[in-house]
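To start, the structure under review is shown below, and the notes come after it.
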Amino acid sequence: MNPVALTCPARRHFLRRSTLALGALGGLGAALPLTLGSGRARAAGTGGYRALVCIHLDGGNDGLNTVVPTDGGRYAQYAGVRGPLALPQAQLRALAGTDYGLHPALAPLLPLWQGGRLAPVFNVGPLVQPLTKAQFRAMPANSALVPDNLLSHNDQQHLWASADVRADVVSGWGGRASDAVHSRQPVISCAGNTRFGNAGLRQALVLPDPGNKFGVYELGNEAWRQRDAAASARAAALRTLYGQAQANPVAEALAQSQREAFAISALLGDAVAAKPGDLPLFAAVDSAFAPLVQDGRIASPLGRQLYQVAKMVAARDLIGDARQLFYTQMNRFDTHAQQVDRDDVLAGLHADLLGELAQAVAAFDAAMQAIGLADAVTLFTTSDFGRTFAPNQSLGTDHAWGNLQLVFGGGVRGGATYGQHPELALGGPDDIGEQPWERQGRWLPTTGVAQYAATLLRWWGLDEGQLTEVLPALAAFGGARDVGFMT
């Protein structure tokens, strides 16, 4: 488990709550002032609560085959360029009231659209400032007005996580936002360490999959101590080591972070380890995720991550933050080859990935509705970059720039699309390529990452001053600080 550093006075308040809760972990329900079985959260625990859940589509999702124009002229442009990757128009799942359709694998998300709980946001990407194609083409390759190392996975992931185009920024906008509201806990990640959750001395709190041990909370469990005496001895030694005051300030800071990590693992351990069916407290969440369970285990990686998030939202009163941020991640979106099945364009790697995304998000949304928090939690996607409009020779697509993102849930001004869809012309006004060999359909973004993040964080609760502090890059966009997709 990551060391966790909590700011004072939040640290003192958190540790007081932790000490009080330690004795209740044998029966987790006693430590949680919630009533979930009825499908409604206790009113006092719900008021003012809001959570954001990031779903990072690692590798660069093909947004052009995720939401597709369905009007005759643009669909013809799309199909003419996409060729063997083009989805059949009749198979797209219509987004009623618009000229767009979803990839068929995303059909489980249609109820969210119909309920005003889904919004596509077109052509988002890292930008230093608003930029035209003419300006971009006139700039030298090393211009400070062009994001570093375009088309590079690592660099673009960095820019998305930081929402800041300065290469030396190591914190993430999730971590900085968490600090801005003085949250007791940092960003919670269900996908390992993440720059998105970094800020100052704090890192994201990393949770394992359901059913796995979390930190050293098992120390209080007699059966566990007898079953794994060596591990128990190591845990006891660590507690003793970090329980001692250190003369060196750096060593004391490390020791303090470890003490707080021990306290958090003790506080949340049983909830984190719970699998579907383990704890009656999470019965409503378990029921929502039941369609994803195979052989007693949630089958999909994203499903397991969102199940952990759903439990942490349900158990939010353990720590008491009115604002929470979560990070999850899906891999394998770098679809250079075999993006579609050679014999069936509706099958293949991309369809499988979108199907996993849709099923997991639908289950999570059902869980939030079951516990009465559907209007308090919003999910959103990020991804390294888009994919080229023109396919390659391997039934795949290559690295691009601007990309579609999807936003789901309670705070969404759904039933409409946002941002500016690129003009579907190779070498056109939105394609950064100009010479014939570079006309691949790499879209110049029309919405910056900072604008996208600001729109989410404004709903989450940051005021304009906090947004300016958390998102310094936002200043370059003048009054265009809100994309409009959140209530």
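None of the figures in this text is laboratory data; all of them are computed from the coordinates on show. Computed from a prediction, not measured in an experiment: that's the story for all the values here. Cβ coordinates were reconstructed from backbone atoms using ideal geometry, including for glycine residues, and neighbour counts include every protein chain displayed.
Odds and ends about this structure:
- Structural size metrics of segment 118-221, computed from C-alpha coordinates, are Rg and Dmax of 18.2, 66 Å.
- For the chain, convex hull of alpha carbons as volume per residue, Å³: 154
- q = 0.16, 0.32, 0.34 Å⁻¹, segment 66-110: log10 I(q)/I(0) [Debye, one scatterer per Cα]: -0.37, -1.23, -1.32
- Cα-based shape type of segment 84-130, given that a ≥ b ≥ c are square roots of the gyration tensor eigenvalues and the cut on a/c is 1.5: oblate
- Three-way shape label, segment 39-166, alpha-carbon gyration tensor, a/c 1.5: oblate
- Residue-averaged [θ]222 nm for the chain, counting only DSSP H segments that reach four residues, each worth -39500 (n - 2.57): -10500 deg cm²/dmol
- Sequence of 188, 319 once ranked by neighbouring C-beta atoms within 10 Å, starting from the fewest: 319, 188
- When the Cα atoms of segment 298-398 are aligned to their principal axes, the ranges along those axes come out at 53, 24, 20 Å in descending order.
- The longest part of the chain holding none of the exposed loop GluC sites (Glu not before Pro), meaning those outside H, G, I, E and B in DSSP with at most 13 other Cβ atoms within 10 Å, is 1-422.
- Nonlocal amide H pairs with residue 189, under 5 Å, H built at 1.01 Å: 205, 206, 207, 327
- Among residues other than residue 173 with Cβ under 15 Å from its Cβ, the summed charge is +4 (Lys and Arg +1, Asp and Glu -1).
- Estimated Rh, segment 342-487: Kirkwood, alpha-carbon pairs, angstrom: 17.6
- Based on Cα atoms of segment 347-406, Rg over Rh with Rh as the Kirkwood radius reads 1.12.
- A simple rule links phi to the HN-Hα coupling: the Karplus curve 6.51 cos²θ - 1.76 cosθ + 1.60 with θ = phi - 60°, which for segment 241-255 gives 4, 7, x, 8, 5, 10, 6, 6, x, 5, 5, 5, 4, 5, 4 Hz, with x for Gly and Pro.
- For segment 256-344, radius of gyration divided by Kirkwood radius, i.e. Rg to Rh on alpha-carbons: 1.10
- Approximate spin-label separation residue 480-residue 250, in nm, with each point projected 7 Å along Cα-to-Cβ: 4.6
- Antiparallel %, DSSP beta bridges [both residues in the chain], to 5: 45
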